[in-house]
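Below is one structure; the comments refer to it alone.
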Amino acid sequence: MAAPALDLVCLGRVNVDLYAEQEGAPLEDVRSFRKYVGGSAGNICFGTARLGLRSAMVSRVGDEQMGTFIRDELAAAGADVSRLRSDPERLTGLITVAVRESDGFPRIFFYENTADMATDESDIDPAHIASARALLITGTFLSRANLEAATKKAVGAAKAAGCRVVLDVDYRPVLWGVAGHSQGGEMAAPSRAATTAVQSVLPDCDLIVGTEEEIRLAGGSDDTRAAAARIRELSSAVIVVKVGRRGCLILDGPAPDDLEDGTLVPGTPVEVVNSTGAGDAFMSGFLRGWLRGEPLERCGQLGNASGALVVSRHGCAPAIPSWEELEHFMGRAGGLTRPAEDDWLAHLHNVAGRRGELRKLCVLAADHRWQLEEAAAESGASPDAIGGLKRLIVGAFLDVAPGRDCAGVLLDDKYGGGLFEELTGAGVWVGRAVEEAKSIPFRFEGGPDVESTMRPWPTDHVAKVMVYAHPDDAEATRASQARRLRRLAGACRSQGRELLVELQAPPGERYGPGGAAPMLEWVYSAGVRPDLWKLPPSPEPAAWRAVGEVIRENDPHCRGALVLGGASSKAGLEKAMAAAAAEPAVMGFAVGRAVFAEPAARWLGGEIGDDDLAAAVSRAYMGLVGAWHGLRGDR
């Protein structure tokens, strides 16, 4: 019999969470938020997909931008969203959350007539459920007649197909109508209706997970042991009780007279930043083990560690670790109470948050400033003409680039700032210069607070910094540049932004036979791991092999290196690209002047018009794209 196509189908709430940026503040004092995927089922779908399970989401989102955001984020994590329906009549749910260490975390559910709560039986495809090894259901999806009908149809399909059923009790009193809007953080208000509804599905469950409050709700008792005993009367499922910092209790078999006689899996001690989201992260880690046949104690350890990482970070879904990250953390967990201080762990989490694969990249580098200022001066044109020139260059790029998975553009804010709105959402890679042109040691354009400079940027804009560096640099220059690189890398990490480092020899200097490889070593030794490199056009294959060896030794997760053009002749650039193409760590090029220098000079001098300039730029850029694909054999 064929193996199931999916590991897990998640049925339940999925919404947008807005987490306060002012940590510890009550909601009324919060001034700004960060936007994430939310909802118990949405978080678990995201988390299990990030941890390597084949997970699918069944629910609804609004047919609007917030719904698109959720769909895109889940898909980027690796989840199947083919059964995540867009509801044209209702909006995506929204929750605002205060970030606090304590368990009392204020939140407001903006949940009037939301799309996910309109899910009904028509959203359930029995064949889809049958294609999975397990179905996750949630208690909140029993709170209304339409949701209960959808849940029970899904459970029936699962049982008929031999698919295991997992219940996350997920009790939110405000969504059962037993708490008011201002009591969104209330987790324990009793509800006979909720108890009756949850108990109706217990006999069909194979795994039941909840906090102590949720277990009491499910068992219909104020006493946790008595509640667990009642659940056991109704179900033979494994019962997992989340007990906060202590970890989790696993009850497999008869409910003991004393719950402490169950299997206590100790928690993973960390300093808490944010107490929300731990439960969904716990479930994600536990299911990673459970659906792969791990012993229950090991499943509990995975759940505890995943939850511990999330409470040490901001948010829930994006804070859930990847599998590689979780393994690293568990290997050091006993002595790592502040996970943010582990640089490799932070790097792995940054890598996990990247969007999509990027195997090749052909970049039109149009972030030139002083070079075009000189060209304008030589042509007698005003510097004001440079902005119009860049608009034409970017327009020519956009005429041919969209739809090509390799297409990218580098631009600056000084002359190209007005073009970023056109580029954002155009389906192309976008890099953005942060350095003052020609500065050594490099300085940040816009002032030393580079994090504030980048904060208004769309998160998919990649920060690019050009660093003039050489092995013979003075120690003071090298130390200054290393400090600024670390500051930039930290700002990128905090914003979930990628970093491209361009290295060039200072004016009048050259790199030796080994090319730029020694300078990559210097950047890595400074504690900086760029997502991408942009490197001088060496014609020596050995220089590119050396670059690849340095990258693989220091950061196997680096996306790769790009060949820059500089002032190379066409023949020189062709030789450099041919030499670089043999090195797997090189993924493409970032070339500017070889594409537009000659037509730009003629345009500035009034020799050609806009159409001729655009045609020349498009032709030259696409010629380089074709040449690179030909060298790599992946046309």
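The values are calculated or read from the model by the stated rules, or taken from the named source; none is laboratory data. Quick caveat, the model's predicted, so the values are computed rather than measured. Ideal geometry is used to build each Cβ from the backbone, glycine not excepted, and the neighbour counts take in all protein chains shown.
Overview of values
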{"quantity": "Residue list for segment 200-221, restricted to those being surrounded by fewer than 24 Cβ atoms within 10 Å (Cβ to Cβ), assigned to a helix (DSSP H, G or I) and under 33 Å from the mean Cα position of the chain (by Cα)", "calculated": "E212, E213"}
{"quantity": "Odd one out for G508 among (1) in a loop (DSSP other than H, G, I, E, B); (2) surrounded by 15 or more Cβ atoms within 10 Å (Cβ to Cβ); (3) not basic (K, R)", "calculated": "(2)"}
{"quantity": "Matching residues, segment 222-260, being crowded, with 17+ Cβ neighbours inside 10 Å, in a loop (DSSP other than H, G, I, E, B) and either modelled with pLDDT of 95 or more or not assigned by TED's automatic domain parsing to the domain that holds P173 (or both)", "calculated": "S235, A237"}
{"quantity": "Residues satisfying the stated conditions in segment 523-545, i.e. buried (at least 21 other Cβ atoms within 10 Å of the Cβ) and either among the polar types (S, T, N, Q) or farther than 18 Å from K464 by Cβ (or both)", "calculated": "S538, A543, W544"}
{"quantity": "Criterion (over 17 Å from D412 (Cβ atoms), free of Cβ contacts under 8 Å to residues at least 60 places away in the same chain and of a type outside the set (G, A, S)) met by exactly one of L503, L499, L488", "calculated": "L503"}
{"quantity": "Filtered residues of segment 261-272 (kept if touching a helix residue (DSSP H, G or I) at 6+ places or on another chain (Cβ under 9 Å) and surrounded by fewer than 21 Cβ atoms within 10 Å (Cβ to Cβ))", "calculated": "G262, T263, L264, P266, P269, E271, V272"}
{"quantity": "Residue match in segment 599-620 (condition: of a type in the set (K, R), under 24 Å from A463 (Cβ atoms) and either surrounded by fewer than 20 Cβ atoms within 10 Å (Cβ to Cβ) or in contact (Cβ under 8 Å) with a residue 24 or more places away in the chain (or both))", "calculated": "no"}
{"quantity": "Residue that is nearest to A615 (Cα to Cα), among those in segment 395-435 that are acidic (D, E) and touching a residue at least 40 places away in the same chain (Cβ under 8 Å)", "calculated": "D399"}
{"quantity": "Those residues of segment 569-596 which are part of a helix (DSSP H, G or I) and more than 22 Å from D612 (Cβ to Cβ), in sequence order", "calculated": "A571, G572, L573, E574, K575, A576, M577, A578, A579, A580, A581"}
{"quantity": "Options A56, A25, A3, A20: the member that is more than 15 Å from F286 (Cα to Cα), crowded, with 24+ Cβ neighbours inside 10 Å, hydrophobic (A, V, I, L, M, F, W, C) and modelled with pLDDT under 95", "calculated": "A20"}
{"quantity": "Complete set of residues in segment 49-72 that are under 18 Å from the mean Cα position of the chain (by Cα) and part of a strand (DSSP E or B)", "calculated": "S55, A56, M57"}
{"quantity": "Selection within segment 308-328 - more than 23 Å from F69 (Cβ to Cβ), crowded, with 17+ Cβ neighbours inside 10 Å and without any contact (Cβ under 8 Å) to a residue 60 or more places away in the chain", "calculated": "A308, L309, V311, S312, E325, H328"}
{"quantity": "Enumeration of residues in segment 123-134 that are in contact with a Leu (Cβ under 7 Å, 6 or more places away or on another chain) and either basic (K, R) or closer than 17 Å to A41 by Cα (or both)", "calculated": "I129, A132, R133, A134"}
